[in-house]
Amino acid sequence: MGYCLCTAKGAAETVKLNMALILLPVCRNTLTWLRSTGVRLFVPFDDNINFHKMIACALVFGIILHSGNHLACDFHRLANASPEKFASVASDFNNKKPTYWDLLTGIEGLTGISMIIIMAISFTLATRHFQRNVVRLPAPFNCLAGYNAFWYSHHLLALVYVLLLIHGTFLLFVHQWNQKTTWMYISVPLMLYVAERSLRTCRSKYYAVKILKVSELPGNVFAIIMSKPQAFKYRSGQYIFLQCPMISKFQWHPFSVTSAPGDNYLSIHIRIVGDWTQELKQVLTEGTGSTIGRLNCNELDSIDQRGLPKLLVDGPYGAPAQDYQNYDVLLLVGLGIGATPFISILRDLLNSKRAEERMDSVTDISTSGESLTSFASSISTAQAGKRKAMRIKSAHFYWVTREPGSFEWFKGAMDEVAEMDQKGLIEMHNYLTSVYEEGDARSALITMIQSLSRAKYGVDVFSGTRVKTHFARPNWKEVFTKIAKKHPYGTVDKPRTILHRNNSLNSAYCLLFVLTKSRGSVIKTAGVFYCGRPVLAKELKKLSYEMSQKSPTRFEFHKEQFGT
């Protein structure tokens, strides 16, 4: 068979390995748990979806190499082999030389071709142009574009794993079971993934929620406030999966939680960007008397006692923003609806700061009381000792949007933060890109009206909050420079070692040892968290690296990644 068989077999080994690895980035419960361990210092969990895509590309290359060598080389050589050469492998074919068609229609050929067809369909519909409905196909082929097509085609890959096991069992020229390695590669990742999906199914039934309020907002956005399930604990920055059985009993969609962990409810903000979100809005706002989506709205098991559709929640799942507490300074940048994970962080920061102040005041009162209060004093002092002081000294929130109506989405939350944050822990900046920058003659009248409104009523004319709205896009270099000058150093009581993440080297990690004397200086870290379009992410990542080299403040960049 020559080099053709060797090349095909080598490519097959890479395909088996990648079919195992591609499952790991989507085992979200496992990744969420690993984020809370020391493994996060060495594994870039923020890039799990990018890693998933990279493995998919490697799979395409391996499949082309493997199937190409078989179809163009191996099968031809075998079918046209001389009787003398065929005699050495005749026992594998019951002493009957196969034709090219026999090889194609055998178990190995049929399973291999079937896998290629399914994977080609799934990979094509997973591309950005198809998934986001960029491709406009004529009817009836328009159903092949959109998130639903991506979701259902991706779950066809379960059949690929069944075919792969069959394909790897009926191998030519391999007879011993321990040389058939397909099951060795994929058994553990496959069982882990199946366990994860089983856990999601069981947990979602327990986490059924009641809809408390639905608000329609400008810019094709609506907010859902739900009851918080018992024992449901999450951290700010994390996200949940939402299912509406009335629309589909199979589809789950990820949304950032905008409520704080201390709130007694769950809230999410959803922007209508596809067929599922459009149907969800219709179901929630237009009643339950019509047929919407793929199921009839009058199905009793999909509607609660108040006539509202049931919602199931799964999660929470880890996201880059959940690690915000590991930094001295925060730079939170949200583009449009990308502000959602940071609203929860702002609320949590404010709640944590107020809790610290209340605990400190209780401790002061108890320690200054009579001897009869000594017992209560000891309890409160112990509680204060157990409470971990908040590391964050300052947070800077930049919300960039094009539509003025977008500021209505989080108007209440931003007003609350602006009103309650008396010590200046949080700086909030709104930017409206549809207006010319300040100082431009074309925006002079708008600027004057805005200034008069703030002077007279203390409220911004655009956002309707106390947060001032700036025009055009922020000068990000000035933003980074300002933060670096404002927060150059921290102080420590004794020498210590800092583990620093250098995002410039493709999310690799390096150790930065900083030895200081007593009460000496230590480099302060600033977490840069971004959620929005990829274009701005490149600029922020580049500035994080450059400013880390030029200033004593170390900027570490994180970008939200969503996928199903």
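The values are calculated or read from the model by the stated rules, or taken from the named source; none is laboratory data. Fair warning: this is a prediction, and the values are worked out from it, not measured in the lab. Backbone-built Cβ (ideal geometry, glycine too); neighbour counts: all protein chains shown. These area figures cover heavy atoms from the full protein model, side chains too; ligands, DNA and RNA do not enter into them. Shrake-Rupley method; radii C 1.70, N 1.55, O 1.52, S 1.80 Å.
Only one residue in Cys4, Cys73 is buried (at least 17 other Cβ atoms within 10 Å of the Cβ) and touching an Asp or Glu at 6+ places or on another chain (Cβ under 6 Å). Which one? If you could, list the steps in order and put the result at the bottom.
Working: Cys73 fails: touching an Asp or Glu at 6+ places or on another chain (Cβ under 6 Å).
Sole residue among the options that is buried (at least 17 other Cβ atoms within 10 Å of the Cβ) and touching an Asp or Glu at 6+ places or on another chain (Cβ under 6 Å): Cys4.
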Q.
So Thr525 ticks every box in (1) under 27 Å from Thr401 (Cα atoms); (2) at pLDDT 80 or above but one. Which box is left unticked?
A. (1)
Q. Looking at segment 77-85, is at least one residue touching a Cys at 6+ places or on another chain (Cβ under 8 Å) and either assigned to a helix (DSSP H, G or I) or not aromatic (Phe, Trp, Tyr) (or both)?
A. yes
(Q) Conditions first: (1) within 17 Å of Pro320 (Cα to Cα); (2) of a type in the set (A, V, I, L, M); (3) modelled with pLDDT of 80 or more; (4) open to solvent by 30 Å² or more (accessible area, probe 1.4 Å). Val535 passes all but one, so which condition is the exception? (A) (1)
Q.
Go through (1) of a type in the set (Phe, Trp, Tyr); (2) at pLDDT 90 or above; (3) under 21 Å from the mean Cα position of the chain (by Cα) for Tyr185 and report which single condition fails.
A. (3)
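Going residue by residue through segment 426-445, is there one that turns out to be at pLDDT 75 or above, in a loop (DSSP other than H, G, I, E, B), touching a Pro at 6+ places or on another chain (Cβ under 9 Å) and open to solvent by less than 30 Å² (accessible area, probe 1.4 Å)?
no
Within segment 405-425, which residues are open to solvent by 30 Å² or more (accessible area, probe 1.4 Å) and either assigned to a loop (DSSP other than H, G, I, E, B) or of a type in the set (A, V, I, L, M, F, W, C) (or both)? Lay out the reasoning, then the answer.
Of all residues in segment 405-425, those open to solvent by 30 Å² or more (accessible area, probe 1.4 Å) come to 408, 411-412, 415-416, 418-420, 422-424.
Matches in segment 405-425: Ala418, Met420, Gln422, Lys423, Gly424.
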Q: State all residues of segment 62-112 that are free of Cβ contacts under 8 Å to residues at least 12 places away in the same chain and under 21 Å from Ala158 (Cβ atoms); if no residue qualifies, say none.
A: Leu110
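Just to be sure I understand, how many residues within segment 207-247 are farther than 16 Å from Asn29 by Cβ, in contact with a strand residue (DSSP E or B) (Cβ under 8 Å, 6 or more places away or on another chain) and in contact (Cβ under 8 Å) with a residue 12 or more places away in the chain? Before you say what the answer is, go through the steps one by one.
If we filter segment 207-247 for residues that are farther than 16 Å from Asn29 by Cβ, which is where we start, we get 208-230, 236-237, 242-247.
With the extra rule that they be in contact with a strand residue (DSSP E or B) (Cβ under 8 Å, 6 or more places away or on another chain), the set shrinks to 208-217, 219-229, 236-237, 242-247.
When the remaining residues are screened for being in contact (Cβ under 8 Å) with a residue 12 or more places away in the chain, the result is 208-214, 216-217, 219-229, 236-237, 242-247.
Adding up the residues that qualify gives 28.
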Q) Of the residues that sit in segment 380-404 and are surrounded by 13 or more Cβ atoms within 10 Å (Cβ to Cβ) and assigned to a helix (DSSP H, G or I), which one is modelled with the highest pLDDT? A) Pro404
Q. Considering segment 446-492 alone, what residues qualify as being open to solvent by less than 80 Å² (accessible area, probe 1.4 Å), of a type in the set (Phe, Trp, Tyr) and at pLDDT below 85?
A. Phe462, Phe471
Q | Of all residues making up segment 100-133, the number that are open to solvent by 60 Å² or more (accessible area, probe 1.4 Å) and of a type in the set (Phe, Trp, Tyr) | A | 2
Q. Out of all the residues in segment 17-51, which are open to solvent by 50 Å² or more (accessible area, probe 1.4 Å) and assigned to a loop (DSSP other than H, G, I, E, B)?
A. Ser36, Phe42, Val43
